[in-house]
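Read the structure below first, then the notes.
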Amino acid sequence: MIAIELKGISKKFGGVTALDNVSFKLEKGKTLGLVGGNGSGKTTLLNSITKMVAPDRGEVYFKGKRIDKLPAYRIARLGIGRIFQTGGVFKNMTVLENLLVASDGKRENEAERILKEVALLEKKGKKAATLSGGQQRLLEFGRVMVRNDELILLDEPFAGVSAENSRKIESVIKKLQEEGKTIILIEHDSARIKRLCNQIIELEKGSIIRRE
Amino acid sequence: MIEAYILHLLIFICIYAILSMSLNLITGYAGMLNLGHAAFFGIGAYASVLIVMAGFPFWLGFIAAGAIAAFFGLLLSVPALRLRGDFLAIATLAFGEIIRSILVNWTEFTRGPLGIPGIPKPEIFGIAFDSLWMYFILAFIIAAVAYFVLRHLLNSNFGIALKAIRENESVAASLGKNVNLLKMQAFVVGAFFAGLAGSLFAHYITFIDPGTFVLGETILMLLMVALGGMGSLEGSILGAIILILLPEPLRFIGLPSAVVGPLRQIIYAAILIVLVIKKPRGLLGTQWFGGIVSDSN
Ligand SMILES: Nc1ncnc2c1ncn2[C@@H]1O[C@H](COP(=O)(O)OP(=O)(O)OP(=O)(O)O)[C@@H](O)[C@H]1O
Ligand SMILES: [Mg+2]
């Protein structure tokens, strides 16, 4: 089954072309590595899927259903979750509250079980701002887990993260893969891409220049 | 005499605690700077008075005060959804001004600037709340109910979601939060309680005029919220207590009343300045209220 498909997505910001006629398909349970230089359009591609920006042209399908006309919150409710390149945690809220926002009514002990999985249980009552960069990333992973998202979009989850937290993040990603989640991973380290991804797309100036 | 004076202050504290808690919901939790809160207060006051003076029972006027204010909260939330930060503040300011000028100009209904005197004290199912003690009990019960209802709401998913949209709307939306609906609900609930406070105020003072429900009043409520702390209900109660009591000693030092009014304003302004410098998060709060004006996300 095709989990996510983009057809001819284009987006311009003023005169800058961020995405130019981008199309691809990704099967359920697979991980796509998204690579490319700075400003090549990787984040904009994720934003187009979650409707953080509205594409100028093109269509997005999730499990065969067209979603690009839906508002962002409805897309999220379909089971599409993401980890942001920056600013993804609510810094003035506690670690637990950050998870409870995502869990929407699920019990606190469910949230605690997941905090344990991402090694943040002792930080439960602390403000998210007090976490390290890597711990903030892990917290975002916790949200994706608590929501049980089917499609998970990861925007450079290893950037600026310590070696130890990188290992934790990698093992969380592997666990999500074992659970059959579909993942799009933006990442610069090619060895890591090789380890984690089934297919690769490279962007340059908003166009796909390589597929593997 | 002294007992009457204390009861009077306690009644005011109850009324203003409801106002500051309800404003905290909109501004402290949801992060929308609302400079029109006194308008909801006024709408509630006028609605209740007009309904009760038309011969309906107090409880009906009281509930209608909340409901009608909530309806105006819904109206104001429509432009509020499109605006952020300072622009939202200006829109709410304009809303307050529109309501004030309606109260001034719709004289058949409101008697305009003359105000409405002779407002009856409440009677609920045969119990008359005509003494200070009785009124204090009524005000206290309503303030306590408001506190518990708001606390329950804000500790639920709703409150957590409001905090999330205050922090970052896009991220909240990416977690499935319907940001527009949540903001609307915040305005509706906040306005509802402000309307109840309006009813409580009008039937206590027994006289209302449009001059009571103006920007200065909203600023006082905002100051209570900021002093107690954005995002803390207990803080809002504390803020109301402090700011109601603080100017009171001025009464006893024999200053002419022409001086007391402006002096009160100066005290409030001084508190605001000290607060911003020394304790920007308020006494019990989590976030600096200035952040709401200066950044949108
Ligand atoms: N909201 C925006 N407004 C204006 N321009 C934008 C916006 N978002 C992205 N751009 C521009 O679109 C282009 C693609 O940006 P994007 O963030 O998608 O790149 P990226 O591949 O994620 O880069 P990086 O590796 O630096 O994160 C850039 O030229 C960027 O400046
Ligand atoms: Mg990027």
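Residue farthest toward the positive end of the dipole of region A:2-211, with Cβ of Lys/Arg at +1 and Asp/Glu at -1: which of A:G8, A:L139, A:G125?
Ranked along the dipole, the leading option is A:G8.
Could you give the Stokes-Einstein D for region B:9-214 in µm² per second, using the C-alpha Kirkwood radius, 10 °C, 1.306 mPa s?
D = 92 µm²/s.
Roughly how many whole Å is it from the C-alpha centroid of region B:57-108 to that of region B:2-29?
20 Å
Which value in nm describes the separation of the simple spin-label points at B:K121 and B:I2, placed 7 Å from the Cα toward the beta carbon?
Between B:K121 and B:I2, the simple spin-label model gives 2.3 nm.
Which ³J(HN,Hα) values, rounded to whole Hz and listed in residue order, are derived for region B:172-186 from phi using the Karplus coefficients 6.51, -1.76 and 1.60 in 6.51 cos²θ - 1.76 cosθ + 1.60 with θ = phi - 60°, glycine and proline given as x?
4, 5, 5, 9, x, 7, 7, 4, 4, 5, 5, 5, 4, 4, 4
Give me the percent of accessible area attributable to carbon and sulfur for chain B, probe 1.4 angstrom.
Of all accessible area on chain B, carbon and sulfur atoms account for 72 percent.
Hey, got the dipole for region A:2-211? About the Cα centre, +1 on K and R Cβ, -1 on D and E Cβ, debye to the nearest 20?
280 debye
How high is the FRET efficiency from B:F252 to A:Q199, r the C-beta distance, R0 56 Å, rounded to 0.05?
Efficiency, from the Cβ-Cβ distance: 0.10.
With every atom except the alpha carbons ignored, what do you get for Rg and Dmax of region B:73-120, in angstroms?
Radius of gyration, then largest Cα-Cα span, for region B:73-120: 14.3, 42 Å.
For the protein assembly as shown, take N as its residue count and report Rg(C-alpha) divided by 2.2 N^0.38 Å.
Numbers: Rg = 27.0 Å, N = 509, 2.2 N^0.38 = 23.5 Å.
So the protein assembly as shown has a normalised radius of gyration of 1.15.
Take the Cβ-Cβ distance between B:H152 and A:Q85 as r, set R0 to 45 Å, and report the resulting FRET efficiency rounded to the nearest 0.05. Before the final figure, lay out the partial values.
Values: r = 37 Å, r/R0 = 0.82.
It comes out at approximately 0.75.
What nm value, rounded to one decimal, do you get for the distance between A:N38 and B:L114 when each label is placed 7 Å out toward the C-beta?
About 7.2 nm separates the two model spin labels.
Please return the longest stretch of chain B lacking exposed loop sites, where chymotrypsin sites (Phe, Trp or Tyr not before Pro) count only if DSSP places them in a loop and at most 14 other Cβ atoms lie within 10 Å. Don't skip to the answer; put the middle values down first.
Numbers: sites that count: B:W106, B:F125, B:F207.
After excluding every exposed loop site, the longest remaining stretch is B:1-105.
With r as the distance between the Cβ atoms of A:T130 and A:K25 and R0 = 51 Å, compute the FRET efficiency 1/(1 + (r/R0)^6) and round to 0.05.
E(calc), rounded to 0.05, equals 0.80.
Tell me, what HN-Hα J-couplings in whole Hz come from the Karplus equation 6.51 cos²θ - 1.76 cosθ + 1.60 at θ = phi - 60° for each residue of region B:16-24, using x for Gly and Pro?
Those phi angles translate into 6, 5, 4, 5, 6, 5, 5, 5, 4 Hz.
The values are calculated or read from the model by the stated rules, or taken from the named source; none is laboratory data. This is a predicted model, so every value here is computed, not measured. Note that we place each Cβ from the backbone using ideal geometry, even for glycine, and neighbour counts take in every protein chain shown. Heads up: the accessible areas ignore ligands, DNA and RNA and are worked out on the full protein's heavy atoms, side chains in. Shrake-Rupley method; radii C 1.70, N 1.55, O 1.52, S 1.80 Å.
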